[in-house]
1. When you go through V163, V175, V151, V197 one by one, which is the residue that is in contact (Cβ under 8 Å) with a residue 12 or more places away in the chain and surrounded by fewer than 23 Cβ atoms within 10 Å (Cβ to Cβ)?
2. Among the listed residues I95, I47, which satisfies the condition of being part of a helix (DSSP H, G or I), over 21 Å from V134 (Cβ atoms) and in contact with a Gly (Cβ under 6 Å, 6 or more places away or on another chain)?
3. Out of region 46-69, which residues are closer than 12 Å to L14 by Cβ, aliphatic (A, V, I, L, M) and surrounded by 24 or more Cβ atoms within 10 Å (Cβ to Cβ)?
4. So which residues in region 178-193 are over 13 Å from the mean Cα position of the chain (by Cα) and either surrounded by 22 or more Cβ atoms within 10 Å (Cβ to Cβ) or of a type in the set (D, E, K, R) (or both), if there are any at all?
5. Would you check if there is a residue in region 195-205 being assigned to a loop (DSSP other than H, G, I, E, B) and of a type in the set (F, W, Y)?
6. Pick out the one residue from A31, A6, A39 that is among the small types (G, A, S) and touching a Gly at 6+ places or on another chain (Cβ under 8 Å).
7. Run down L160, L185, L165 and say which single residue is of a type outside the set (V, I, T), closer than 19 Å to L204 by Cα and assigned to a helix (DSSP H, G or I).
8. Any residue in region 109-121 that's touching a residue at least 40 places away in the same chain (Cβ under 8 Å): show its pairings with residues that are surrounded by 20 or more Cβ atoms within 10 Å (Cβ to Cβ) and in a helix (DSSP H, G or I) at Cβ separation under 6 Å, as long as the two are six or more apart or on different chains.
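The values are calculated or read from the model by the stated rules, or taken from the named source; none is laboratory data. For clarity, every value in this text was computed on a predicted model and none was experimentally measured. So basically every Cβ, Gly included, is an ideal-geometry build from the backbone, and we count neighbours across all protein chains shown.
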Amino acid sequence: MKKYIAEFIGTFTLVFLGTGVAIVSDGNLVATSLAFGLAIIASAYVIGDISGCHVNPAVSLAMLISKKMTKKDFIGYVLFQVLGAVFATGFLYGILIGTSIGVTSLGANGFESLSASNISIVGAIMTEIILTFVFIYTILGVTSDKKYASVSGIVIGLTLTFVHLIGIPLTGTSVNPARSLAPALFLGGEALKQVWVFIVAPLLGSALAACTYHFLNEK
């Protein structure tokens, strides 16, 4: 149970700080990218030894495919990740409602009318698959050898920062189904209709990264 609670706390931290900064900074590219990256770095060194600090169903899927976790743990991890994201978004909603900032977006991902660049649905799917592939492939690589343990959190956090720098203007950057589902549930409407893209595409990118890593890197 400790590892599930750790995943809840880690995902809560990621969503509260990452999307929180996105909201209060009015989507500032650098600030939001750094917030997500730094949140992962902080969590990695606090809960990494407890749960591995997945805080993302796409990461857990890659670990399942790589046979580094059981199906039971996968279900438990995803459940607590989603709960962590929902609770974080709920707290943000409660804090911001009635303020001059408001709760019109809550950091939701989107395409076409919900995208800053009006990206198409095909473009959004391709973007999320590619960005998730890069993120997951990096995680698998840097966690595969114990000699990288001391810097793995930093590498993973910086990679998440990098993918946000390109992804925010396009889709708002998901690469994490839990982080995308939570605001969509609170906002409803078009955000909820579009959220399937930000669940399916990251999972596809994760599966592709895990299979590619197994083919290229494992002996």
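1. Only one candidate passes the filter, namely V197.
2. Values: I95 fails: in contact with a Gly (Cβ under 6 Å, 6 or more places away or on another chain).
From the options I95, I47, the qualifying one is I47.
3. V55, V59
4. A184, E190, K193
5. Of region 195-205, the ones assigned to a loop (DSSP other than H, G, I, E, B) are 195-196.
From what is left, the residues that are of a type in the set (F, W, Y) are 196.
The answer is yes; a qualifying residue exists.
6. On the way: A31 fails: touching a Gly at 6+ places or on another chain (Cβ under 8 Å); A6 fails: touching a Gly at 6+ places or on another chain (Cβ under 8 Å).
Only one candidate passes the filter, namely A39.
7. Testing whether each residue is of a type outside the set (V, I, T), closer than 19 Å to L204 by Cα and assigned to a helix (DSSP H, G or I) leaves just L160.
8. Taking only residues 6 or more apart or on different chains, the pairs are N109/S180; N109/F198; G110/Q194; F111/A124.
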